[in-house]
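Below you'll find the structure, written out as structure tokens, and then a few comments.
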Amino acid sequence: MNSSIKSLIFAFITFLTLNSFSQNTNKQLFNRIDTYLKLSETNGFSGAVLVSKKGEIVLSQGYGWADRKNKIPNSPSTVFNIGSVTKQFTASAILKLVEQGKIKTSDKLSTYFAQTPIDKSDITIHQLLTHTSGISNRTGGFRYDEASKKQFLKDFFESELQSKPGTKHLYANANYIMLTAIIEIVSGQTYNSFLNDFLFVPSQMNSTGYKSINFSTERLAHGYYYNRNDEQWEDWGTTQEHLPYNNNHWYSIGKGDIHSTIEDLYKWNIALKNNVVLASNTKLVQETSYVAENDKKTSFYAYGWAISQSKRGTKIVAHNGSNGLYFADFVRFVDDDVVIIYITNVFLGPESEYVAREIGKMIFDSNYTPSPISRNIYELSSEFMKTNPSSNSEKIPDFLQKELGREFNDHAILNRLGFSRLKKEDKPDWALELFKLNVKLFPKDGNLWDSLGEAYLKYNMNDEAIKSYTKAVELGNESSRKVLNELLKKE
């Protein structure tokens with residue numbers, strides 16, 4: 001047997017061995033991730049996850065219900081609201097216009113809007129893309145309220161800048177709504193049609209869009225939340241039901257509320273990787289670290305993406321987003337050729353934000369096993385109160401710590417539960433005990449003493465109310481002073 005044939009046989013055997021090893025490794029990884037998500041599912045987790053490694057899909061599955069009432073499960077083809085993951089599409093649309101020679105990122109707002117006031121005339125497209133325009137994160141109204149483009153522009157131009165344009169990063173949705181207005185002016189198309197023509201269709205994303213959808217509404221995941229007042233889970237419905245039915249959607253468009261699936265978002269990843277929608281040099285421009293997002297400079301904002309480094313020194317390109325019910329995270333370990341796409345329609349708590357990152361740890365550390373997402377803290381608290389007298393209130397922190405698997409240190413939880421109970425308890429019971437417990441746990445929080453004072457006041461326990469409001473004022477809660485003075489006048 002000559003040497004060339006021996007080399008071919010050796011190469012073939014090596015390929016089979018490596019391929020078998022890769023398949024076995026990916027199967028083990030699938031099992032570890034799937035176990036984590038299924039255990040989380042028993043605690044109420046609901047959503048869809050896709051994990052890809054070296055171009056091979058390791059996991060693509062749905063968990064929980066897309067529609068609880070009609071028993072429609074989540075699947076890889078379920079359509080979710082992806083929140084601010086939307087911003088990468090808005091940024092890509094701007095860069096597509098740059099490629100077409102129609103705009104430059106150095107262009108100023110005054111180029112497109114004659115009514116631009118002096119303080120905002122020099123804001124550039126680059127500054128809008130990187131959230132360095134100085135615009136306030138409070139500019140604009142509630143995302144699902146009706147607002148015309150004219151109304152949004154009025155809000156934007158009349159708002160007070162928080163910093164001089166180009167000097168500071170301040171994440172503000174209004175930046176991306178303004179970019180959307182520019183896209184429509186320059187392209188002569190609606191936002192949805194431009195993205196569809198130049199981003200979604202070339203990427204073969206057939207289940208992605210803003211408001212115009214061409215698939216069965218049964219594929220839309222309903223959003224679910226735990227109602228503290230009624231102490232039960234409620235169906236919020238779908239985003240399509242909440243978005244304005246007309247074109248007065250200018251508090252929502254461009255910055256969030258695009259609909260997509262984990263399958264489509266993976267197609268987008270492939271399109272980016274293969275330079276299908278944007279040229280390679282344009283992609284580099286989009287994924288450049290322009291401005292630090294935090295004082296420690298561990299994350300930088302690019303154009304619709306956040307850039308950071310793994311512990312191994314490899315590049316991470318990611319963005320997450322939420323409307324308060326849905327949460328999405330799109331994480332690309334670009335140097336490692338690993339992609340994690342995660343969307344949920346039930347926000348259980350802070351752990352719901354970390355699923356993609358936990359999966360990332362599992363991929364790069366075969367010994368890492370994350371704790372399952374715990375049940376909703378308000379649901380757990382309600383169950384405790386239903387099965388215990390209020391005299392057992394001081395046992396709640398230990399109960400929650402055990403159930404959540406972490407230290408209970410949130411000032412707001414018991415305060416919110418206290419007010420929910422205060423609405424329906426005519427006599428001192430759980431509400432009062434929750435407020436009393438909260439000031440015991442966090443005695444230096446003046447707002448909590450104010451809440452306790454309000455509870456005492458409801459039950460005509462004026463002496464105790466005066467003591468609580470006095471403490472609140474001593475701790476700097478000036479809003480308590482007016483009530484305190486009124487109570488003292490009655491003494």
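Going through the stretch 54-76 one residue at a time, which ones are touching a Lys or Arg at 6+ places or on another chain (Cβ under 9 Å) and either not hydrophobic (A, V, I, L, M, F, W, C) or not in a strand (DSSP E or B) (or both)?
Gly55, Tyr63, Ser75
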Do we find that Leu272 is assigned by the TED database to the domain that holds Asn173, closer than 26 Å to Asn43 by Cβ and outside any strand (DSSP E or B) in this structure? no
Among the residues listed as Ala431, Ala412, the single one being in the same structural domain as Ala465 (by the TED database), in contact with a helix residue (DSSP H, G or I) (Cβ under 7 Å, 6 or more places away or on another chain) and either open to solvent by less than 40 Å² (accessible area, probe 1.4 Å) or not acidic (Asp, Glu) (or both): Ala431
Which of (1) under 25 Å from Tyr290 (Cα atoms); (2) within 23 Å of the chain's Cα centre (by Cα) is the odd one out, the single condition Arg143 does not satisfy? (1)
Sole exception among (1) more than 18 Å from the chain's Cα centre (by Cα); (2) free of Cβ contacts under 8 Å to residues at least 60 places away in the same chain for Asn247, by number: (2)
Filter the stretch 268-285 for residues that are touching a residue at least 60 places away in the same chain (Cβ under 8 Å) and over 19 Å from Asn196 (Cβ atoms); the one that is surrounded by the most Cβ atoms within 10 Å (Cβ to Cβ) is Thr282
Return the residues of the stretch 65-87 that are surrounded by fewer than 23 Cβ atoms within 10 Å (Cβ to Cβ), within 21 Å of Ile373 (Cα to Cα) and small (Gly, Ala, Ser); say none if nothing qualifies. Ser75
Just name the residue that is surrounded by the fewest Cβ atoms within 10 Å (Cβ to Cβ) out of those in the stretch 286-295 that are assigned to a loop (DSSP other than H, G, I, E, B) and out of contact with any His (no Cβ under 7 Å at 6 or more places or on another chain). Asp295
Out of Lys386, Lys436, Lys424, report the one residue that is over 30 Å from Val355 (Cα atoms), in contact with a helix residue (DSSP H, G or I) (Cβ under 8 Å, 6 or more places away or on another chain) and of a type outside the set (S, T, N, Q). Lys436
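Return the residues of the stretch 222-234 that are among the aromatic types (Phe, Trp, Tyr) and surrounded by fewer than 20 Cβ atoms within 10 Å (Cβ to Cβ); say none if nothing qualifies.
Tyr225, Trp233
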Looking at the stretch 246-267, which of the residues that are acidic (Asp, Glu) and farther than 29 Å from Phe152 by Cα is most open to solvent (accessible area, probe 1.4 Å)? Glu263
Kindly list the number of the only condition in (1) in contact (Cβ under 8 Å) with a residue 12 or more places away in the chain; (2) part of a loop (DSSP other than H, G, I, E, B) that fails for Glu351. (2)
Within the stretch 90-105, does at least one residue satisfy the condition of being in the same structural domain as Leu179 (by the TED database), open to solvent by 50 Å² or more (accessible area, probe 1.4 Å), free of Cβ contacts under 8 Å to residues at least 24 places away in the same chain and within 30 Å of Ser159 (Cβ to Cβ)? yes
(1) closer than 29 Å to Thr105 by Cα; (2) modelled with pLDDT under 95; (3) open to solvent by 40 Å² or more (accessible area, probe 1.4 Å): which one isn't true of Gly140, the others all being true? (3)
Going residue by residue through the stretch 114-122, is there one that turns out to be exposed (fewer than 15 other Cβ atoms within 10 Å of the Cβ), among the β-branched types (Val, Ile, Thr), in the same structural domain as Lys255 (by the TED database) and not in a loop (DSSP other than H, G, I, E, B)? yes
Tally up the residues in the stretch 204-221 that are within 24 Å of the chain's Cα centre (by Cα) and either surrounded by fewer than 22 Cβ atoms within 10 Å (Cβ to Cβ) or farther than 30 Å from Gly64 by Cα (or both), please. 9
Residue list for the stretch 385-409, restricted to those being in contact with a Ser or Thr (Cβ under 9 Å, 6 or more places away or on another chain) and surrounded by 15 or more Cβ atoms within 10 Å (Cβ to Cβ): Met385, Ile396, Phe399, Leu400, Glu403, Leu404
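Considering Phe419, Phe399, Phe408, Phe435, which residue is outside any helix (DSSP H, G or I), aromatic (Phe, Trp, Tyr), under 22 Å from Glu231 (Cβ atoms) and out of contact with any strand residue (DSSP E or B) (no Cβ under 8 Å at 6 or more places or on another chain)? Outline the logic, then answer.
Details: Phe419 fails: outside any helix (DSSP H, G or I); Phe399 fails: outside any helix (DSSP H, G or I); Phe435 fails: outside any helix (DSSP H, G or I).
Sole residue among the options that is outside any helix (DSSP H, G or I), aromatic (Phe, Trp, Tyr), under 22 Å from Glu231 (Cβ atoms) and out of contact with any strand residue (DSSP E or B) (no Cβ under 8 Å at 6 or more places or on another chain): Phe408.
The values are calculated or read from the model by the stated rules, or taken from the named source; none is laboratory data. Note that this is a predicted model, so its numbers are computed, not measured. Quick reminder, even Gly has a Cβ in these numbers, built from the backbone with ideal geometry, and neighbours come from all protein chains shown. In case anyone asks, the SASA skips ligands and DNA or RNA and just uses the protein heavy atoms, side chains included. Shrake-Rupley method; radii C 1.70, N 1.55, O 1.52, S 1.80 Å.
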